[in-house]
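Worksheet: the structure to be examined is printed underneath.
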Amino acid sequence: MIKMSDVIADIEFLPPFSKVAQKALELLREKDFTMKMLAEIIMYDAALTANILKVANSAAYTKHNEVNDLQTAISLIGSKEISSIIMISAAKKYFENQMAGYEMFQGEIWEHSLAVAIISQNLQHLEPGIDSSVLYTSALLHSIGKIVLSQYVQKDIELVNDLASEDSFDFITIERKVVGFTHPVVGSAILKKWNFSQTISDVAKYYKEPHKCDSPYVRLVALADHIAVLIGKTSQRDGLQYKGCSELFVKYNIKSRDLDNIISASVDKINELIESFK
């Protein structure tokens with residue numbers, strides 16, 4: 001088994017989360033910001049600027065003239081959507097390399113993360129009053145711990161596969177047995193290192209065990225994560241090896257028809273988002 005000091009060392013080597021993105025998201029939470037103020041922050045991140053212009057010039061936003069100005073692009077997209085684009089652009093680089101300990105095919109965890117983010121938006125009405133931006137960020141980064149733990153899972157992949165073939169073990173238990181730590185614990189440590197709020201780091205830590213944390217954000221992301229698996233947006237190696245969250249379906253009184261409506265409202269948006277950021 002590895003030592004936590006080894007994991008901490010790996011976290012230290014991760015590139016820091018974009019300060020430009022964090023400043024932009026903070027500005028978006030203020031009441032009196034302007035699109036000009038937002039553009040003046042974002043312009044210092046070339047990749048983020050390029051992604052915003054790409055989205056603004058997609059069929060969903062522009063019909064005739066090409067948009068080349070950042071402020072115009074931000075205004076066209078609108079403050080609600082721009083928040084998610086900023087988060088996705090900043091997060092994407094961490095999911096670009098294949099995580100062989102969890103993925104059979106590169107990009108599975110990234111697509112799963114996007115799916116969970118979209119589904120969480122369609123579940124927000126279940127917890128009135130929560131911050132939609134915090135929920136979206138929590139959902140998008142919920143499995144960030146896999147980017148570090150994947151290499152350790154991969155080293156003992158034969159043992160992992162043997163344990164996974166036994167119905168009595170879910171993947172959280174397998175991680176504890178093989179590695180000594182779980183990706184939720186590592187994910188929480190990463191998010192704390194990047195100075196995200198306790199609320200967001202709690203989601204990463206408890207989304208697979210929502211009964212351990214009384215947080216509406218944890219519950220909604222746990223539910224969104226489960227629904228993403230149901231629609232096939234999951235990592236093939238570990239995605240089906242977790243316990244369900246039937247207690248949350250009971251808590252929120254979600255029936256089969258409700259679940260069908262949530263899925264129907266999410267699928268097209270998920271696929272559009274995946275295509276937009278390929």
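The values are calculated or read from the model by the stated rules, or taken from the named source; none is laboratory data. Values in this document were obtained by computation on a predicted structure and should not be read as measured data. Note that each Cβ is placed from the backbone with ideal geometry, even for glycine, and that neighbours are counted across all protein chains shown. All accessible areas refer to the heavy atoms of the entire protein, side chains included, with ligands and DNA or RNA removed. Shrake-Rupley method; radii C 1.70, N 1.55, O 1.52, S 1.80 Å.
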Arg237 being in a helix (DSSP H, G or I) and either in contact with a strand residue (DSSP E or B) (Cβ under 9 Å, 6 or more places away or on another chain) or of a type outside the set (Phe, Trp, Tyr) (or both): no
Top-ranked residue of region 192-220 - restricted to ones that are β-branched (Val, Ile, Thr) and farther than 12 Å from Gly145 by Cβ, ranked as most open to solvent (accessible area, probe 1.4 Å): Thr199
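If you go through region 78-89 one residue at a time, do you hit one that is under 30 Å from Lys255 (Cβ atoms), modelled with pLDDT of 90 or more and surrounded by 24 or more Cβ atoms within 10 Å (Cβ to Cβ)? Break it down into steps so the answer makes sense when it comes.
To start, the set of residues in region 78-89 that are under 30 Å from Lys255 (Cβ atoms) comprises 80, 84.
Now drop any that are not modelled with pLDDT of 90 or more, which leaves 84.
Filter once more, keeping what is surrounded by 24 or more Cβ atoms within 10 Å (Cβ to Cβ): none.
Looking through region 78-89, none of the residues is under 30 Å from Lys255 (Cβ atoms), modelled with pLDDT of 90 or more and surrounded by 24 or more Cβ atoms within 10 Å (Cβ to Cβ).
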Some residue of region 254-266 being in contact with a helix residue (DSSP H, G or I) (Cβ under 6 Å, 6 or more places away or on another chain), polar (S, T, N, Q) and under 30 Å from Lys155 (Cβ atoms): no
Residue ID - farthest from Gln151 (Cα to Cα), chosen from residues in region 240-257 that are part of a helix (DSSP H, G or I) and either open to solvent by less than 60 Å² (accessible area, probe 1.4 Å) or of a type in the set (Ser, Thr, Tyr) (or both): Ser256
